[in-house]
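Asks: First, the structure itself, so that you have it in front of you.
The values are calculated or read from the model by the stated rules, or taken from the named source; none is laboratory data. Since we're looking at a predicted model, the values are computed, not measured. Cβ: placed from backbone, ideal geometry, glycine included. Neighbour counts: every protein chain shown. Only protein heavy atoms, including side chains, enter the accessible area calculation; ligands, DNA and RNA are left aside. Shrake-Rupley method; radii C 1.70, N 1.55, O 1.52, S 1.80 Å.
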Amino acid sequence: MIIDFMYFQIVFVVLLVMLFSSTFRILREYERGVIFLLGRFYKIKGPGLILVIPFVQQMVRVDLRIVTMDIPSQDIISKDNVTVKVNAVLYFKVADPQRAIINIENYLEATSQLAQTTMRSVLGQHELDEILSARDALNTDLQRILDQTTDSWGIKVTAVEIKHVDLDESMVRAIARQAEAERSRRAKVIHATGELEASKQLLEAARMLGQQPEAIQLRYLQTLTEITSENSKIIVFPLPLEFGKMLQPPTQPTPPIADAHSPSELT
C-alpha cells in the first residue's frame, strides 16, 4: 500500500507539472500566440506570460522577425532566348499572425515556391542585358509582385535581392567581345570628337592671327623662347615668309614692247 501511494503521488505531481506547463506559456517580445477555442479562432496573445486552458484552448506560436530565405538557382530563358541560372534572397515577415496561420497551411513553404515561380516569370520577360545591368528595377518588380500576392496570407515581403547570374562559357566570351568592341567604338568616337574640336580651335586661331599680323611676331618670339629653354644641341630658327622676300634681289621692270605700227617707225 505504501508503495502504491508513493507511486500515485509521483504520478499526480508529474500530471500537475504537465498541466501547469501547458496552462502557462511565456512568449518572447518577437512572438505571438494564435489561440483557438474548441477549434475556432479566439484571439492573439502575447508577448509575456499568457494563460491557455488545457483541452479547451490550443495555441500556435508565430515568429514576427524578418525571415531570410535563399531562393535556389532557377533556369531562366530570357526574352532574347539566352539560358541563365539566377538565384536570389528573399526577406519577409509575418504581418498578421491570424491570416498566416488560418489562410495558408505552411506560409514558409508557400512563400518559397511563390518566389521561385515569380522570379522565373518576371526575369523571362527581360533581355539578358537588362538582367545583368538593371537589377535594382528587377528587384523592385519582384518585391512588389510578391508582396501583392502574399498580402492575403498575412505576409509582408520587405525586399528581394538577385545574388548571382550564371552564364555559359560561350556566352561569357561573347559578352567580353561585345564589351571590347563597345570600348573600341567609344575610343574612336572620342578621338574623332577631339580632332574636330582641335580643328575648330586651329581655324579660329588662324583667323585671329590673320587679322592681327603683330600676333604672328609675338607667337614667333614665344616659340624661340620655348626652343631655347629645352636641352637641345641643335636649334632650328623658323623665319617668317616676309624675311625671305627681303633677301631676294629686286626685280628689274621689263620695258614695254613697242607697237609695230607706232608713228615713230613710220617716220
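Asks: Residues to consider are V34, V14; find the one that is open to solvent by less than 80 Å² (accessible area, probe 1.4 Å) and in contact with a strand residue (DSSP E or B) (Cβ under 7 Å, 6 or more places away or on another chain). Before you say what the answer is, go through the steps one by one.
Replies: Details: V14 fails: in contact with a strand residue (DSSP E or B) (Cβ under 7 Å, 6 or more places away or on another chain).
The unique qualifying residue is V34.
Asks: Go through H191, H164 for me and flag whichever is farther than 30 Å from L123 by Cβ, modelled with pLDDT of 80 or more, open to solvent by 90 Å² or more (accessible area, probe 1.4 Å) and not aromatic (F, W, Y). Let's see the steps before the verdict.
Replies: Numbers: H164 fails: farther than 30 Å from L123 by Cβ.
That would be H191, the only listed residue that is farther than 30 Å from L123 by Cβ, modelled with pLDDT of 80 or more, open to solvent by 90 Å² or more (accessible area, probe 1.4 Å) and not aromatic (F, W, Y).
Asks: State which residue is modelled with the highest pLDDT when the search covers only segment 117-146 and only residues that are within 20 Å of D70 (Cβ to Cβ), open to solvent by 30 Å² or more (accessible area, probe 1.4 Å) and touching a strand residue (DSSP E or B) at 6+ places or on another chain (Cβ under 7 Å).
Replies: The extreme case among them is Q143.
Asks: Now a separate question. With the requirement that a residue be open to solvent by 50 Å² or more (accessible area, probe 1.4 Å) and β-branched (V, I, T), what does segment 147-161 give you?
Replies: Here is the first cut: in segment 147-161, the residues open to solvent by 50 Å² or more (accessible area, probe 1.4 Å) are 148-149, 151-152, 156, 158, 161.
Matches in segment 147-161: T149, T158.
Asks: Same structure again: Got a number for residues in segment 100-113 being within 30 Å of D80 (Cβ to Cβ) and open to solvent by 30 Å² or more (accessible area, probe 1.4 Å)?
Replies: Of the residues in segment 100-113, 1 are within 30 Å of D80 (Cβ to Cβ) and open to solvent by 30 Å² or more (accessible area, probe 1.4 Å).
Asks: Determine, yes or no, whether V157 is modelled with pLDDT of 95 or more, within 28 Å of V84 (Cα to Cα) and of a type in the set (A, V, I, L, M, F, W, C). Lay out the reasoning, then the answer.
Replies: Working: modelled with pLDDT of 95 or more: yes; within 28 Å of V84 (Cα to Cα): yes; of a type in the set (A, V, I, L, M, F, W, C): yes.
Against the criterion (modelled with pLDDT of 95 or more, within 28 Å of V84 (Cα to Cα) and of a type in the set (A, V, I, L, M, F, W, C)), V157 qualifies.
Asks: In segment 47-68, which residues are touching a helix residue (DSSP H, G or I) at 6+ places or on another chain (Cβ under 9 Å) and surrounded by 15 or more Cβ atoms within 10 Å (Cβ to Cβ)?
Replies: The answer is V52, V62, L64, V67.
Asks: Determine which single condition S112 fails, assuming it passes every other condition in (1) under 21 Å from K79 (Cβ atoms); (2) in contact with a strand residue (DSSP E or B) (Cβ under 9 Å, 6 or more places away or on another chain).
Replies: (1)
Asks: For segment 90-99, indicate whether the set of residues that are free of Cβ contacts under 8 Å to residues at least 40 places away in the same chain, under 27 Å from A159 (Cα atoms) and surrounded by 17 or more Cβ atoms within 10 Å (Cβ to Cβ) is non-empty. Give the steps one after another, and end with the answer.
Replies: Step one: filter segment 90-99 for residues free of Cβ contacts under 8 Å to residues at least 40 places away in the same chain, giving none.
No, that holds for no residue.
Asks: List every residue pair whose Cβ atoms lie under 8 Å apart, where the two residues are 6 or more positions apart in sequence or sit on different chains, the first residue falls within segment 62-80 and is in a strand (DSSP E or B), and the second residue, located anywhere, is of a type in the set (D, E).
Replies: Listed pairs, sorted by first residue: V62/E31; D63/E31; S73/D166.
Asks: Of all residues in segment 90-116, how many are among the polar types (S, T, N, Q) and more than 14 Å from D70 (Cα to Cα)?
Replies: Going residue by residue through segment 90-116, those that are among the polar types (S, T, N, Q) are 98, 103, 106, 111-113, 116.
Remaining after also requiring more than 14 Å from D70 (Cα to Cα): 98, 103, 106.
Residues meeting the conditions: 3.
Asks: Of the residues T118, T140, T111, only one is part of a helix (DSSP H, G or I), in contact (Cβ under 8 Å) with a residue 40 or more places away in the chain and of a type in the set (S, T, Y); which? Reasoning before the result, please.
Replies: Details: T118 fails: in contact (Cβ under 8 Å) with a residue 40 or more places away in the chain; T140 fails: in contact (Cβ under 8 Å) with a residue 40 or more places away in the chain.
Answer to the selection: T111.
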